[in-house]
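Novice: Okay, here's the structure, questions in a sec.
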DNA sequence: AATCAAATTTGACCACTGTCAAGTATCTAT
DNA sequence: ATAGATACTTGACAGTGGTCAAATTTGATT
């Protein structure tokens with residue numbers, strides 16, 4: 001089995017915590033950041049980046065750790081440098097909806113008011129940089145292009161939540177899973193360019209279920225179903241090969 | 001039956017079209033706009049408003065008219081002055097998801113890229129002012145408070161789509177309808193302060209169904225159900241009296 | 001006021017997906 | 001390597017909400 005860009009299978013919490021204390025070697029300078037080209041800060045030139053980097057703090061979380069929790073005071077916004085994160089909301093009886101899977105280059109926490117409106121958890125080991133919300137919003141004055149970039153990303157995000165509403169409200173289980181696979185294909189293409197049809201699925205079946213508004217069992221059955229239809233090949237639970245992504249896309253759109 | 005703030009029952013298309021040609025008496029000045037206090041332009045002072053108003057065009061649409069269509073070139077952003085609008089997305093086979101109901105003070109069209117990602121239709125007769133997208137985005141330079149306001153409203157909107165995802169993915173039909181009634185109560189309170197428990201429902205059962213990811217029949221059954229439970233009183237299909245909004249809220253949250 | 005069309009409600013039935021349970025595979029720890 | 005825990009898959013059955021159809025109400029048109 002080829003090496004995954006996520007380390008969901010081999011992550012060791014203890015080692016991760018040690019690294020987190022150590023922090024990133026480029027703590028005070030974002031210049032060496034490996035995710036800069038896809039992050040919000042990619043609009044800053046070398047000079048601006050130097051002063052801007054003082055606003056950021058770098059840290060790391062092991063898989064399954066909470067990054068921030070729903071209803072907690074929203075003091076920071078977070079930018080993912082590597083790894084995978086899930087954002088979720090819960091009903092009082094434990095029913096959960098995952099509102100998004102986030103990867104390198106994605107940020108979260110800006111849309112909240114005084115409290116976080118979701119819980120953010122590490123799916124794999126993640127590297128994150130964090131900014132004070134107030135300060136970064138103020139900094140949009142000094143770095144107008146950054147403000148524009150953040151606004152732009154927020155608009156894009158709003159657009160894709162509308163697609164997700166169409167999925168949740170109107171698609172069948174099969175269409176939902178096909179949509180999910182297409183989404184994951186697109187996201188993984190942004191991060192790692194190997195065979196574009198070889199898609200990593202860092203999250204559990206239960207995460208997928210809570211993202212698609214289904215149960216684990218239904219998700220599992222639909223994986224089996226798509227395999228029987230000859231549309232996908234499974235290599236363990238966390239790696240999928242899309243044998244016919246055109247057909248998957250058509251199914252995803254209900255055609 | 002008391003008079004509704006929407007004119008969904010008595011609207012006459014012909015008359016509306018005539019009015020639309022006539023446009024608003026305050027066409028070149030937003031000063032007299034009755035929805036200014038709740039609209040995005042409420043951050044502008046009297047001077048700025050005068051020059052800003054030159055960017056806007058006023059018009060009116062009768063109920064059931066399309067304001068802008070999915071996949072159409074996105075040239076404008078729209079601000080609702082009065083009436084109710086629905087935004088929706090469709091699958092190729094006609095399945096529809098309504099992503100939002102909009103009222104006086106709401107705007108739409110900003111989150112789109114080159115094409116509109118939704119169709120906007122008038123539910124009731126609506127008064128709307130329209131801005132050129134490019135020009136208004138440029139104008140954020142001159143009116144920074146306007147840019148902040150729009151950004152802020154976009155963030156709020158993103159937050160509420162997350163709530164809607166939780167609703168669509170994880171709530172039961174009963175919980176969905178209770179949530180809808182609570183949402184409508186809050187929105188109508190913003191526009192018209194009468195008895196806060198007397199809620200106008202300008203949209204059809206079919207619109208509600210497509211908003212909640214249900215069928216018309218299920219929506220109708222749940223209305224009947226809530227009535228039997230003594231939680232609501234119906235005065236026709238478009239006016240609801242919430243007899244116990246606390247209980248409705250609890251049901252909406254799955255408690 | 002009368003007629004027709006559209007919207008809403010209600011009923012009967014059923015399918016998709018959920019629930020509960022058991023079996024299998026995978027990962028982690030020793 | 002072995003054992004235990006966790007994650008995933010599969011099966012049997014059931015229920016919520018969907019489908020189809022008919023009745024009723026509401027609203028528009030003449």
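Novice: Calculate, in whole percent, how much of the Cα-Cα pair population of the stretch B:172-252 lies beyond 22 Å. It would help to have the intermediate numbers written out before the result.
Specialist: Working: 414 of 3240 pairs.
Tail of P(r) above 22 Å: 13 percent of Cα pairs.
Novice: Using only Cα atoms and rounding to the nearest 10 degrees, what angle (0 to 90) does helix A:13-22 make with the longest principal axis of chain A?
Specialist: Its long axis makes an angle of about 20 degrees.
Novice: Give me B:68, A:129 ranked fewest to most by other Cβ atoms within 10 Å of their Cβ, as a rough exposure proxy. Please list the in-between numbers first.
Specialist: On the way: B:68 22, A:129 25.
Fewest-to-most Cβ neighbours within 10 Å comes out as B:68, A:129.
Novice: Rank these for me by crowding, A:78, A:211, going from fewest to most other beta carbons within 10 Å. Mind dumping the intermediate values first?
Specialist: Working: A:78 21, A:211 27.
With the sparsest Cβ surroundings first, the list reads A:78, A:211.
Novice: To continue, here is another question. The stretch A:115-151 to the stretch A:199-255: how many Å between their Cα centroids?
Specialist: Between the Cα centre of the stretch A:115-151 and that of the stretch A:199-255, the gap is 31 Å.
Novice: Could you put B:210, B:58, A:71 in order, starting from the residue whose Cβ has the fewest other Cβ atoms within 10 Å?
Specialist: On the way: B:210 25, B:58 20, A:71 11.
Going from sparsest to densest Cβ surroundings: A:71, B:58, B:210.
Novice: Hey, could you pull the Cα Rg and Dmax for the stretch A:83-141, both in Å?
Specialist: Spelled out, the Cα radius of gyration and Dmax of the stretch A:83-141 are 13.1, 43 Å.
Novice: Taking each residue of A:177-187 in turn, how many C-beta atoms of other protein chains fall within 10 Å of its C-beta, and what is the average? Provide the component values of the computation, followed by the final result.
Specialist: Working: counts 0, 0, 0, 0, 0, 0, 0, 0, 0, 0, 0.
For peptide A:177-187, the averaged partner shielding equals 0.
Novice: Express the relative contact order of the stretch B:172-252 as a whole percentage, based on alpha carbon pairs under 8 Å and six or more residues apart in sequence.
Specialist: On the way: 96 pairs, mean separation 32.7, N = 81.
Answer for the stretch B:172-252 is 40 percent.
Novice: Other chains near A:145-156: what is the mean number of their Cβ atoms within 10 Å of each residue's Cβ? Intermediate results must be reported in sequence, preceding the final value.
Specialist: Working: counts 0, 0, 5, 3, 0, 1, 8, 2, 0, 6, 8, 2.
That works out to 3 on average.
Novice: Next question, about the same structure. Angle between the Cα long axis of helix A:216-228 and the longest principal axis of chain A, 0 to 90 degrees, nearest 10?
Specialist: Value to nearest ten degrees: 60.
Novice: Placing the label point 7 Å from Cα along the Cα-to-Cβ direction, what are the distances from residue B:137 to the equivalent spots in the other copies, shortest first, in nm to one decimal?
Specialist: 2.3
Novice: Could you grab the relative contact order for chain B? Cα pairs under 8 Å, six or more apart, rounded to a whole percent.
Specialist: Reported relative contact order: 19 percent.
Novice: Okay, moving on. Ratio to report: Rg/Rh of the protein assembly as shown, with Cα atoms as the point set and Rh obtained by the Kirkwood method; give two decimals.
Specialist: Values: Rg = 24.0 Å, Rh = 24.6 Å.
Over the Cα atoms of the protein assembly as shown, Rg/Rh equals 0.98.
Novice: Sticking with this one: Working out 0.36 nm times the residue gap between residue A:216 and residue A:233, then minus their Cα-Cα distance, what length gain in nm do you get to one decimal? Present the calculation step by step, with values, prior to reporting the outcome.
Specialist: Numbers: separation 17, 0.36 × 17 = 6.12 nm, distance 1.91 nm.
That pair, residue A:216 and residue A:233, stretches by 4.2 nm at full extension.
Novice: In Å, what is the Rg of the alpha-carbon atoms in the stretch A:98-183, and how long is Dmax?
Specialist: 15.5, 48
Novice: Based on Cα positions only, what radius of gyration and what Dmax would you give for chain B, in angstroms?
Specialist: Final numbers for Rg and Dmax: 18.6, 56 Å.
Novice: Could you state the principal axis extents of the C-alpha atoms in the stretch A:18-164, from the largest down, to the nearest angstrom?
Specialist: Dimensions of the stretch A:18-164 along the principal axes of its Cα atoms: 50, 36, 26 Å.
Novice: Next question, about the same structure. For helix B:173-191, report the angle its Cα long axis makes with the longest principal axis of the Cα atoms of chain B; keep it between 0 and 90° and round to the nearest 10°.
Specialist: It is inclined by approximately 40 degrees.
Novice: Then there is this: Please grab the % of Cα pairs in the stretch B:168-208 that end up more than 11 Å from each other. Intermediate values should be presented prior to the final figure.
Specialist: Details: 543 of 820 pairs.
Cα-Cα pairs of the stretch B:168-208 separated by over 11 Å account for 66 percent.
Novice: Counting partner chain Cβ atoms within 10 Å of every residue's Cβ in A:168-174, what's the average? Numbers along the way, then the final one.
Specialist: Values: counts 9, 18, 10, 4, 1, 0, 0.
Average neighbour count from other chains, rounded to a whole number: 6.
Taken together, the values in this text are just the output of simple stated rules run on the coordinates, not laboratory data. In this text the structure is predicted, and so the values were computed from the model without any measurement. Here Cβ is always computed from backbone atoms with ideal geometry, including for glycine, and neighbour counts include all displayed protein chains.
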